[in-house]
1. So what's the gap between the Cα centers of the range 104-128 and the range 55-71, to the nearest angstrom?
2. Quick check: from the Cα gyration tensor, does the range 21-131 come out rounded (a/c under 1.5), prolate or oblate?
3. Can you list residues from other chains, or at least 5 along the same chain, whose modelled amide H is less than 5 Å from the amide H of Leu10?
4. Full-extension gain between Ala38 and Thr77, please, as 0.36 nm times their residue separation minus the C-alpha to C-alpha distance.
5. What does the accessible area of His129 come to, in Å² to the nearest 10, when a probe of 1.4 Å is used?
6. Counting only other residues whose beta carbon sits under 14 Å from that of Glu131, what net charge do I get with K and R as +1, D and E as -1?
7. Roll a 1.4 angstrom probe over the protein heavy atoms and tell me the percent of accessible area of the range 71-137 that is carbon or sulfur.
8. What does the charge count near Arg45 come to, summing +1 for each Lys or Arg and -1 for each Asp or Glu among other residues with Cβ under 10 Å from its Cβ?
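The values are calculated or read from the model by the stated rules, or taken from the named source; none is laboratory data. Given the structure is predicted, the values throughout are model-derived calculations rather than measurements. Cβ placement follows ideal geometry from the backbone for every residue including glycine, while neighbour counts extend to all protein chains displayed. Calculation scope for accessible area: heavy atoms of the full protein, side chains included, ligands and nucleic acids excluded. Shrake-Rupley method; radii C 1.70, N 1.55, O 1.52, S 1.80 Å.
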Amino acid sequence: MPCTKPKLLLVDDDEEIRTQIKWALSADYDLFIAGDRAEAVQTFREQRPAATLLDLGLPPHPNNCEEGLAALREILTADSSAKVIIVSGQGERENAIRAVGEGAYDFLCKPVEMDELQLVLSRCVYVGHLEHEFLDLQRNKRVEDFEQMPGSGPQMQAGVSFIGTGAGTTARVPL
């Protein structure tokens, strides 16, 4: 079975930064690129990347963080377990911290050190993989537990259904 590269979404309007990151990470990640919030959210929904690198300064207002924070909120609304790493300029450090408070996984300051970025990304993707694996195990465990439950046949189901009809009332049940 071939090993596939994890998907990575890079959201930045600076062509030079996109080229640098693409060059550094394309061997390890299946890279998708977006230059603004709308494109970022659409690409995220279509590709469901393992991680997203998000610049806070996006068009049409690249000198403030509102578009980047809006993109973060929309991505997390689409998938609350999304792993979003903020890649921000030094002057935006407070906003990057704010973004982490709103659910971003981590933040890095520009200019990005590639070794640090690769380390944070690999940890991020690994944690995301573990979280998905855990959720899958939990879902499977609940199904297995119910299937093996004594009395899970049709008569028991009818009884549970009957009990459920009165569950929303305050009526007393005589013993």
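1. Centre-to-centre (Cα) distance: 20 Å.
2. Values: a/c = 1.34, a/b = 1.15, b/c = 1.16.
Verdict is rounded for the range 21-131.
3. Phe32, Ile33, Ala34, Leu53
4. Numbers: separation 39, 0.36 × 39 = 14.04 nm, distance 1.39 nm.
Here the segment from Ala38 to Thr77 would lengthen by 12.6 nm.
5. 100
6. Values: positive: Arg48, Lys83, Arg123, Arg139; negative: Asp79, Glu133, Asp136.
With Lys, Arg at +1 and Asp, Glu at -1, the net is +1.
7. On the way: 2070 of 3670 Å².
Answer for the range 71-137 is 56 percent, counting heavy atoms of protein chains only.
8. Details: positive: Arg48; negative: Glu46, Glu74, Asp79.
Residues close to Arg45 contribute a combined charge of -2.
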